[in-house]
Amino acid sequence: MRLPWFLLLLSGLAQAAPPLPDIEGWQDYQAGRWQQARDRFQRAAADGNRVAAFNLAIMHWRGESVPVNRDKAIHWLRVAADRHLPQAQYALGLLYENGDGVPRSQPQATHWFMRAALQGHRVAQLDLGTQYYLGRGVKQDLRMAAYWYQQAAEQGDAGAQYLIASMYEHGDGISQDLESAIRWYARAGVQGDVAASLKAIALARRISPSPSP
C-alpha cells in the first residue's frame, strides 16, 4: 500500500502533499500567505535550495497563489530531483509511472525510484521492489525485488514486511526460510495487517504442530 510524500494515488496523481518545512517561506505558507511564500521559495530555489524548488513545484501543481501550471511544477520538481532531494525523485518516478504531465515511461519511473531508494526513501524502496518483481522498466529480478522489499520492511513499511515474508515463505528470489517469514508476517501483523497475523500463526503451526492428544 502506497503512502507517498508528494502525491497520493487515487485516480492517477491527484493530491499534492504539503510542502517540506524548515525553509524560508514555510511559515508564510502555513499562514496562507501564499504569494509571500512563493516569492521566498522562488528566491531560495534560484540560490540552489532544493527544498524550496520542491515547494514551488507543489504550489504550481496545486495552483496556490498562481494558476495551476503542471509544466512549471514539473520543471521545479526536476530541479529538486536533480539536486538529490529524495522526495522529489520519488514524486518524479510516480509521474512517469502514471504518465501524469510527462510521457508514461516505466524505465524512467524505475530510474527515479532507484535514485530515491538509494537515499533511503522507504516508499521508493517498496515501489522499486515491485518494479523488479514485475519486470516493469527493468528486467525482472526476484533477487533484487527481495532486496528492496527487505530494505523497506526494515524501515517499518507494513506492506513490504508482508511481501518479504511471502518471498521467504515461498523461496522467491531468496532462500526459503519459514522462521524469517513468520517474523516478518508477525511484524506486519503488529501494525494492523490481520492477514499477516493469520499467516504468521499458520506458518508457526506448520513448523511446530500441536501434539496429538
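No value in this document is a laboratory result; all are computed from the given coordinates. As the structure is a prediction and not an experimental result, all values here were calculated from the model. Neighbour counts run over all protein chains shown; Cβ positions are idealised from the backbone, glycine included.
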Review point. How large is Rg over Rh for region 150-213, taking Rg from the Cα atoms and Rh as the Kirkwood inverse mean of 1/r across Cα pairs?
Key: 1.02
Check your understanding: Once Rh for region 111-164 is found with the Kirkwood sum over Cα pairs, what is the Stokes-Einstein diffusion coefficient at 37 °C and 0.692 mPa s, in µm²/s?
Key -> 318
Review point. Stretch residue 105-residue 24 to full length: gain in nm at 0.36 nm per residue minus the Cα-Cα span?
Key: 25.7 nm
**Study point:** Lys, Arg +1 and Asp, Glu -1 on Cβ, resulting dipole of the chain about Cα centre, debye, nearest 20
**Key:** 180
Practice item. Report the percentage of all Cα-Cα pairs in region 61-178 whose separation exceeds 24 Å, rounded to a whole percent. Key: 31
Practice item. Work out from phi, with θ = phi - 60° and the Karplus expression 6.51 cos²θ - 1.76 cosθ + 1.60, the ³J(HN,Hα) of each residue of region 175-190, listed in order in whole Hz, and give x for Gly and Pro. Key: 4, 4, 8, 5, 5, 5, 4, 4, 4, 6, 4, 5, 5, 5, x, 4
Check your understanding: Computed from the mean reciprocal separation of all distinct C-alpha pairs, what Kirkwood hydrodynamic radius does the chain have, in Å?
Key -> 18.6
Check your understanding: When the helix-only estimate is applied to the chain (DSSP H runs of n ≥ 4, each -39,500 (n - 2.57), divided by the residue count), what is the mean residue ellipticity at 222 nm, nearest 500 deg cm²/dmol?
Key -> -20000 deg cm²/dmol
Check your understanding: What relative contact order, as a whole-number percentage, does the chain give when Cα pairs under 8 Å and 6 or more residues apart are counted?
Key -> 10
Point to revise | Backbone HN-Hα couplings from phi across region 76-87 [Karplus 6.51/-1.76/1.60, Hz, Gly and Pro as x] | key: 6, 5, 5, 4, 5, 5, 5, 8, 6, 7, x, 4
